[in-house]
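What follows is a short report on a single structure.
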Amino acid sequence: MSETSRSQAHLHRDPSAAPGPVGTRAPGVRRTAAGVSELVQSALPLIAEWLPTQRWYAGKGRPIAALVPVIGTPLQVGDPALLHLLLRVDHGGATGGPGDVYQLLLGIRSDRPAAVGRPAVLGRLAGGTYDGAVLYDAVHDPELTGRLLEHLATGDRFGSLSFRRTPGPGLPGNLPGRASTAEQSNSSVIYDTAFILKLFRRISPGTNPDLELSLALSRAGSTRIPRVAAWFECRMERAEPATLGLLQRYLPDAEDGWELALDQVARLKGDPSPGNFAIEAHRLGRATAEVHRVLARSMPTARLDRPRIAELAGAMADRLDSAVAAVPGLLRYRSALRGAFQQLTAAHLDGLLVQRIHGDLHLGQAMRTPQGWVLLDFEGEPAKPLAERRLPQPALRDVAAMLRSFDYAAAHLLAGSPAQDPHLAHLAAAWAARNRAAYCAGYTAGGGADPSGSPELMRALEIDKAVYEVVYEARHRPSWLPIPLAAINRLADSV
Ligand SMILES: Nc1ncnc2c1ncn2[C@@H]1O[C@H](COP(=O)(O)OP(=O)(O)O)[C@@H](O)[C@H]1O
Ligand SMILES: O=P(O)(O)O[C@H]1O[C@H](CO)[C@@H](O[C@H]2O[C@H](CO)[C@@H](O)[C@H](O)[C@H]2O)[C@H](O)[C@H]1O
């Protein structure tokens, strides 16, 4: 709590937002800058406790030096009230620098609504106009998320927040919203069975690649992504607008590729007729190639000469070094892995094509629908800075990432069984190999570059991904860490 007492109150409110009625029924947000500022100040101590417990919070393990409100926008006044808040978290210290900005959607009511579970409650506000009111994560309140859909449907503007719709059929403004329970890096609200709104949690100036690429694919008529219906954004200072939320068609009949794969893997344990996931893996490879083709046609591409390929390899080596610093267990593999990056530099890849790609492809980002595979979440790896996620990359980076995902799924066969069970280990390795090969064959059949034609590139890309996963698991799911570490061990042996 002492951290928040040091919080700064630089609440910026856009002057173009006309002040609304003041002093509506307590505990409603008042639409004056002073009213918003007072509310934010009383919320900060509760936010400081709650924020680090959220999966999407990237500052875990680092002390909070200051919470700095960036923009506060009241989207509804009264009881309940809805406050949209962009909040910067500064960590101070030697590595200091401006911290991450997060998007919070805060509900304020006299009492906790039944739909809002206790984990979504930040606490009761103390002092000021809102004394005693319940502050909660409004993502869980169907009434308040319904307000957001109305704003998206009408294309409203509130100060620096703009709600934008794509051309096409109108949006219904009155569907009930429910918070998605999927494990994810952001927060999503599902409206009936029609739409899903992703609220990006960590906000950077600039168009989020999820919006950028989904719009490009939608405009090119691709059916490999859910159609974009609307989005909202905000202008922070004079920078390019930052994407805050993305509304897409919901795929009610879709099955999650990760769940499908796990189901198949589980059957290997005793089912005499385990399904043949390789057919699906092949189709998924084709779908990936199709998406890559559209992206290469509709967005900028480039060719890398030798020095630029050396830069690509150098960036991988740098990421490895940062990962070694974060997870010392990687140190013993460092020299072998660096050898793989050197081999990439030495390989004859002059003229390597780079283009916009998915950037964080895995089975959980692929949904099987009655019309075929659909890909989701083109945001790239959430831990990377936005500018880096928007850079053109070799398309095989997505292929390598998906290959890692087959390995993850296979590793589930071994979860909970004695570590050395050779039979299970053999089954898991064979399942992964079969599906990895089928996926690559599908990718090539769909017009993508043959992964087996660039072994140095594929190995380097797979290592780069596995290194990312080691850091990701160490930070978010330490009990999963052995999965990417085992892959690192294998990949290092192959150099
Ligand atoms: N259009 C959609 N239709 C159905 N389910 C979806 C859709 N978009 C996302 N989901 C579900 O929500 C999950 C999280 O979505 P995702 O875009 O990956 O969010 P995040 O970036 O927060 O990880 C997906 O794994 C999927 O289960
Ligand atoms: O889906 P997100 O954008 O949140 O991606 C992050 O989380 C993923 C896990 O949910 C993580 O993916 C890793 O675990 C998957 C199994 O849960 C596995 O299929 C992937 O291959 C593996 O990379 C992803 O890396 C991370 O960015």
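Things worth noting here:
- A compact globular protein would have a Cα radius of gyration near 2.2 N^0.38 Å; the ratio found for the stretch 4-249 is 0.98.
- Taking the protein heavy atoms of the stretch 228-289 in the context of the full set of protein chains, the accessible area attributed to carbon and sulfur is 44 percent at 1.4 Å.
- Placing +1 on each Lys and Arg Cβ and -1 on each Asp and Glu Cβ, with no other charges, gives the stretch 4-249 a dipole about its Cα centre of roughly 280 debye.
- Peptide packing: for 167-175, 155-163, the average count of neighbouring Cβ atoms within 10 Å per residue gives the ranking 155-163, 167-175, highest mean first.
- For the cross-link pairs Lys198/Lys384; Lys198/Lys465; Lys60/Lys465, the C-alpha atoms of every pair lie within 28 Å.
- Across the stretch 276-285, coupling constants 3J(HN,Hα) worked out from phi with the 6.51/-1.76/1.60 Karplus curve, θ = phi - 60°, read 10, 5, 4, 4, 5, 4, 4, 4, 5, x Hz, and Gly and Pro carry x.
- Each Lys and Arg adds +1 at its Cβ and each Asp and Glu adds -1 at its Cβ; summed about the Cα centre, the stretch 156-277 shows a dipole of about 420 debye.
- Along the stretch 363-373 the Karplus relation, 6.51 cos²θ - 1.76 cosθ + 1.60 evaluated at θ = phi - 60°, assigns HN-Hα couplings of 4, x, 9, 10, 10, 8, 10, x, 8, x, 6 Hz to successive residues, with x for each Gly and Pro.
- Centre-to-centre, using Cα atoms only, the stretch 349-392 and the stretch 142-188 are separated by 24 Å.
- Cα centroid separation - the stretch 50-109 against the stretch 304-339, whole Å: 33 Å
- Residues whose amide H lies under 5 Å from that of Asp100, counting only those 5 or more places away or on a different chain, are Val89; hydrogens are built 1.01 Å from N in the peptide plane.
- The amide H of Gln393, built 1.01 Å from its N in the peptide plane, has Gln355, Arg356, Ile357 as neighbours under 5 Å, considering only residues 5 or more places off or on other chains.
- Ordering Ala120, Pro394, Ala287 by Cα displacement along the dipole of the chain toward the positive end leaves Pro394 in first place; charges were set at the Cβ atoms of Lys, Arg (+1) and Asp, Glu (-1).
- Ranking Leu197, Gly177, Pro167 by Cα position along the charge dipole of the stretch 149-305, where only Lys, Arg, Asp and Glu carry charges on their C-beta atoms, puts Pro167 farthest toward the positive end.
- Stokes-Einstein D for the stretch 182-252, Kirkwood Rh over Cα pairs, 20 °C, 1.002 mPa s (µm²/s): 168 µm²/s
- Solvent-accessible heavy-atom area per residue, rounded to whole Å², over the chain at 1.4 Å: 42 Å²
- Mean Cβ count within 10 Å, highest first, over the residues of peptides 393-399, 236-242, 406-412, 33-39: 393-399, 406-412, 33-39, 236-242
- Under-5 Å amide H pairs with Met236, H placed in peptide plane, nonlocal only: Ala242
- When the convex hull of its Cα atoms is projected in every direction, mean area for the chain (nm²): 24.2 nm²
- Calculated FRET efficiency for the pair Asn276/Ala445, C-beta based, R₀ 22 Å, to 0.05: 0.85
- Computed over the stretch 255-493, Kirkwood Rh from alpha-carbon pairs, angstrom: 18.3 Å
- Of the solvent-accessible surface of the stretch 381-455, computed with a 1.4 Å probe and all protein chains present, 65% belongs to carbon and sulfur.
- Compared with the dominant Cα axis of the chain, that is its longest principal axis, helix 257-267 is turned about 50°.
- Charged neighbours of Asp100, selected by a Cβ distance under 12 Å, balance to +4 (K, R count +1; D, E count -1).
- For the stretch 274-312, the residues whose backbone nitrogen is under 11 Å from a point 7 Å from the Cα of Ala220, taken along Cα to Cβ, are 289-301.
- Summarising the label geometry, the points placed 7 Å from Cα in the beta-carbon direction at Ala115 and Ser335 lie 6.0 nm from one another.
- With a Förster radius of 56 Å applied to the beta-carbon distance between Lys269 and Ala34, the computed FRET efficiency rounds to 0.30.
- R0 of 30 Å, Cβ-Cβ distance Ala315-Trp56: FRET efficiency to nearest 0.05: 0.75
- Taking θ as phi - 60° and the Karplus parameters 6.51, -1.76 and 1.60, the scalar couplings of the stretch 381-390 work out to 5, x, 6, 8, x, 4, 4, 5, 5, 8 Hz in sequence order, x denoting glycine and proline.
- Annotation: extensible slack from Asp421 through Arg297 equals 39.8 nm (criterion: 0.36 nm per residue apart, minus Cα-Cα distance).
- Taking a sphere under 14 Å around the Cβ of Ser204 and counting the other residues whose Cβ falls inside, with K and R at +1 and D and E at -1, yields a net charge of -2.
The values are calculated or read from the model by the stated rules, or taken from the named source; none is laboratory data. Remember, predicted model here, so these are calculated numbers, not experimental data. All Cβ positions, even for glycine, are placed from backbone atoms using ideal geometry, and neighbour counts span all protein chains on display. For the accessible areas, the whole protein counts, side chains as well, though only heavy atoms, and no ligand, DNA or RNA atoms are used. Shrake-Rupley method; radii C 1.70, N 1.55, O 1.52, S 1.80 Å.
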